[in-house]
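Notes follow the structure.
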Amino acid sequence: MLKADLHIHTCEDASDGFIAYDAYTLIDKAAELGFDVISITNHDCITFSDHLCRYAQERGILLIPGIEMKVQGKHILMYAPWKKIYRFHNTMSRLINQKDHDTLFIAPHPFFPSGKSLGKALVQWHALFDAIEFCHFYTQRIDYNRKAVQLAQKFNLPLVGTSDCHVLQQLNTTYTLINADKDIESIFDAIKQGNLVVVSSPLTLIDIGRIMYGMFLHYPVKRIGHACISLMTVFGRGAL
């Protein structure tokens with residue numbers, strides 16, 4: 001069983017300026033946590049290269065090319081050979097026509113409170129998706145995954161557990177064990193056939209506090225501090 005997380009962001013994502021770690025740091029952390037497979041799915045950009053792939057491979061990790069695309073105002077997760085991703089269209093109907101054995105489409109956090117989440121559009125466009133995401137960010141009382149679980153059952157789609165990682169504290173909170181060989185074709189086939197297990201547990205209030213601190217306070221405050229030091233240095237030199 002391959003330990004996998006297929007929804008992770010890094011600081012190469014221009015849409016998320018608060019992320020403190022780069023792709024290499026992420027790979028090091030994933031290796032430390034025993035992951036076999038990961039995908040960096042930055043927003044509307046591909047963070048993948050031959051060098052990055054080799055770096056991951058040297059640490060025992062298969063790096064799958066992926067992207068979180070905005071399509072008709074909604075986010076979707078797409079995985080394919082990285083040069084092929086650039087040729088995909090940004091409408092649901094065209095994407096459905098471009099599906100083949102080399103592609104994998106996952107519906108991310110479809111019912112989380114965001115205008116970019118699919119929501120009811122998941123019902124309309126369910127033919128596009130090979131799986132639905134079970135996202136890490138939930139508690140025993142508040143769980144936006146419940147509707148996703150219901151629709152996964154309705155449309156006979158597997159659930160894939162991910163961290164949607166933006167701070168490293170999120171990594172390893174929810175992930176997927178995939179019964180497949182360690183190559184992209186085998187992994188895609190296993191996901192589509194539902195040969196996997198989601199590993200997850202609700203977050204505690206302490207967990208949520210740490211994640212929110214990492215996302216909205218720690219790194220921004222650190223950047224402000226660095227900017228202040230730079231300004232003080234500049235003005236100090238001017239005074240001299």
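Can you confirm whether Asn145 is free of Cβ contacts under 8 Å to residues at least 40 places away in the same chain and in contact with a Phe, Trp or Tyr (Cβ under 6 Å, 6 or more places away or on another chain)? Yes; evaluated as a whole, the condition is true for this residue. With the condition kept exactly as written, say whether any residue in region 45-64 is in contact with a Ser or Thr (Cβ under 9 Å, 6 or more places away or on another chain) and surrounded by fewer than 14 Cβ atoms within 10 Å (Cβ to Cβ). Within region 45-64 (the criterion being in contact with a Ser or Thr (Cβ under 9 Å, 6 or more places away or on another chain) and surrounded by fewer than 14 Cβ atoms within 10 Å (Cβ to Cβ)), the answer is no, since none of the residues qualifies. Checked against the criterion of being among the polar types (S, T, N, Q), more than 18 Å from Leu77 (Cα to Cα) and over 18 Å from the mean Cα position of the chain (by Cα), the candidates Thr139, Thr173 yield just one match: Thr139. For region 3-12, the condition holds for no residue, the condition being that it is free of Cβ contacts under 8 Å to residues at least 60 places away in the same chain and surrounded by fewer than 16 Cβ atoms within 10 Å (Cβ to Cβ). Being modelled with pLDDT of 95 or more, of a type in the set (Gly, Ala, Ser) and farther than 26 Å from Asp143 by Cα is the requirement here; does Ala227 meet it? Criteria not met by Ala227. Listed by first and then second residue, the pairs linking a residue in region 14-42 that is without any contact (Cβ under 8 Å) to a residue 60 or more places away in the chain and more than 18 Å from His75 (Cβ to Cβ) to a residue that is surrounded by fewer than 24 Cβ atoms within 10 Å (Cβ to Cβ) and of a type in the set (D, E, K, R), with Cβ atoms under 8 Å apart and 6 or more places separating them unless they lie on different chains, are Asp22/Glu12; Ala23/Glu12; Ile27/Arg59; Asp28/Arg59; Ala31/Arg59; Gly34/Lys3. Before we move on, is Val167 within 16 Å of Leu203 (Cβ to Cβ) and either surrounded by fewer than 13 Cβ atoms within 10 Å (Cβ to Cβ) or touching a Gly at 6+ places or on another chain (Cβ under 6 Å) (or both)? Criteria met by Val167. Taking the numbered list (1) in a loop (DSSP other than H, G, I, E, B); (2) crowded, with 18+ Cβ neighbours inside 10 Å in turn, Phe134 passes all entries but (1).
Considering only residues in region 122-131 that are in a loop (DSSP other than H, G, I, E, B) and among the hydrophobic types (A, V, I, L, M, F, W, C), the one that is nearest to the chain's Cα centre (by Cα) turns out to be Phe129.
Based on this model, can you work out whether Asn172 counts as modelled with pLDDT of 95 or more, closer than 26 Å to Ile208 by Cα and assigned to a loop (DSSP other than H, G, I, E, B)? Considered against the rule, which asks whether it is modelled with pLDDT of 95 or more, closer than 26 Å to Ile208 by Cα and assigned to a loop (DSSP other than H, G, I, E, B), Asn172 comes out as yes.
Conditions: (1) out of contact with any strand residue (DSSP E or B) (no Cβ under 9 Å at 6 or more places or on another chain); (2) in contact (Cβ under 8 Å) with a residue 24 or more places away in the chain; (3) of a type outside the set (A, V, I, L, M, F, W, C). Thr162 meets all but one. Number of the miss? Looking at each condition in turn, Thr162 falls short on (1). Of the candidates Ile187, Ile208, Ile178, Ile191, the single residue that is among the β-branched types (Val, Ile, Thr), at pLDDT 85 or above and surrounded by fewer than 20 Cβ atoms within 10 Å (Cβ to Cβ) is Ile208. Select from region 144-160 the residues that are aliphatic (A, V, I, L, M) and part of a helix (DSSP H, G or I) and write down the one among them that is surrounded by the fewest Cβ atoms within 10 Å (Cβ to Cβ). Only one residue tops the list, namely Val149.
The values are calculated or read from the model by the stated rules, or taken from the named source; none is laboratory data. The structure displayed is predicted, hence computed values, not measured ones. All Cβ positions, glycine included, derive from the backbone under ideal geometry; neighbour counts span all protein chains shown.
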